[in-house]
Amino acid sequence: MTHFILFDLDGTLIDGVDDLVVAMNRLLAEHTLPALTREELEPMLGDGARVLTQRAFRARNSDLNDGALSAAYDKFVSLYEATGYRDTYLYNDAETTLRNLHKNGWKIGLASNKPTRPCREILSLLGIDDLFTTIAGGDATDVRKPDGGHLAFALDGMGYNRDAGDYAVMIGDHANDVNAARAIGIAAIAVAFEVDDAKARTLGADAVLTRFAQLPDALNKIA
């Protein structure tokens, strides 16, 4: 039996909100729209960059048609990559915990609604890309979380075999993560690093973490 663990990225492994705010505000400025604060943008996260772009423009009373939204989305991704992710950082104890899991035989993957290229760039920049068997962004397959097919795609790429008794768990900060895990019958752990602990406990996960270092104990209890 092999143990597999999937992570979300933003709000789970990293705090990258400030770079997203910079990129989005540069895009809004090009459309002569007022900037967003971090507090305004943060609740818009979780459903991918295209939906984030749509929500940001709607928050400034600008509803884009499909063509304009596609163009704005492409420009936002370009502006986001241009930040170099200078203000993106790993949460405390994340790298140590991941390396210990890897050493103990866990196969580690990423399942994020963020586009795959920035996911890869960020993990490489932070020096932990070597730990990931699979990096599946929101454009890696034709579905995204909360569709369980996104997680199934990532797990298939890692060699997961339920019939052979393999065990899998999804770690994330959003209802999308928990719902996607439930859709394919795997365990789910919610993190509360950027959200209220009480709110995280409403997601229906098997455990809730307020610090990354709690993950090994949580896995021991549910795995």
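The values are calculated or read from the model by the stated rules, or taken from the named source; none is laboratory data. Just so it is clear, the model here is predicted, and its values are computed rather than measured. Neighbour counts run over all protein chains shown; Cβ positions are idealised from the backbone, glycine included. Heavy atoms of the whole protein, side chains included, go into the accessibility calculation; ligands, DNA and RNA do not. Shrake-Rupley method; radii C 1.70, N 1.55, O 1.52, S 1.80 Å.
Report, in listed order, any pair from Lys199/Lys221; Lys114/Lys221; Lys75/Lys199; Lys107/Lys145 with a Cα-Cα distance greater than 24 Å.
Too far apart for the 24 Å limit: Lys114/Lys221; Lys75/Lys199.
Normalised by the empirical 2.2 N^0.38 Å for globular proteins, what value does the Cα Rg of the chain take?
1.00
Please sort by residue number the GluC sites (Glu not before Pro) in segment 64-160 whose DSSP state is loop and whose Cβ has at most 13 other Cβ atoms within 10 Å.
Here no loop site has a sparse enough neighbourhood.
Tell me, what HN-Hα J-couplings in whole Hz come from the Karplus equation 6.51 cos²θ - 1.76 cosθ + 1.60 at θ = phi - 60° for each residue of segment 41-51, using x for Gly and Pro?
3J(HN,Hα) across segment 41-51, in whole Hz: 6, 4, x, 7, 7, x, 10, x, 5, 5, 5.
State in Å² the accessible area per residue of segment 35-146; use a 1.4 Å probe, count heavy atoms of protein chains only, and round to the nearest integer.
48
Probe radius 1.4 Å, ligands and nucleic acids ignored: give me the carbon and sulfur share of the accessible area of the chain as a rounded percent.
In the chain, the share of accessible area belonging to carbon and sulfur is 46 percent.
Considering all alpha-carbon pairs of segment 1-104, what whole percent are spaced by more than 23 angstrom?
Value for segment 1-104 (Cα pairs over 23 Å): 34 percent.
Amide H to amide H, which residues 5 or more places from Leu110 or on other chains are under 5 Å from it, using H placed in the peptide plane?
Residues meeting the criterion, in which the H sits 1.01 Å from N, are Phe7, Thr134, Ile135, Ala136.
Can you give the angle from 0 to 90° between the axis of helix 94-103 and the longest principal axis of the chain, with both taken from C-alpha atoms, to the nearest 10?
The two axes meet at around 40 degrees.
Counting only heavy atoms of the protein chains, get the accessible area per residue of segment 157-198 (1.4 Å probe) and round it to a whole Å² value.
With all protein chains present, segment 157-198 gives 37 Å² per residue.
Quick one: which residues, 5+ away or cross-chain, put their amide H under 5 Å from the amide H of Asp10? H built at 1.01 Å from N.
Here the answer is none, since no amide H 5 or more places off falls under 5 Å of that of Asp10.
Below 13 angstrom from the Cβ of Ala205, what's the summed charge of the other residues (Lys, Arg +1; Asp, Glu -1)?
Summing Lys/Arg as +1 and Asp/Glu as -1 gives -1.
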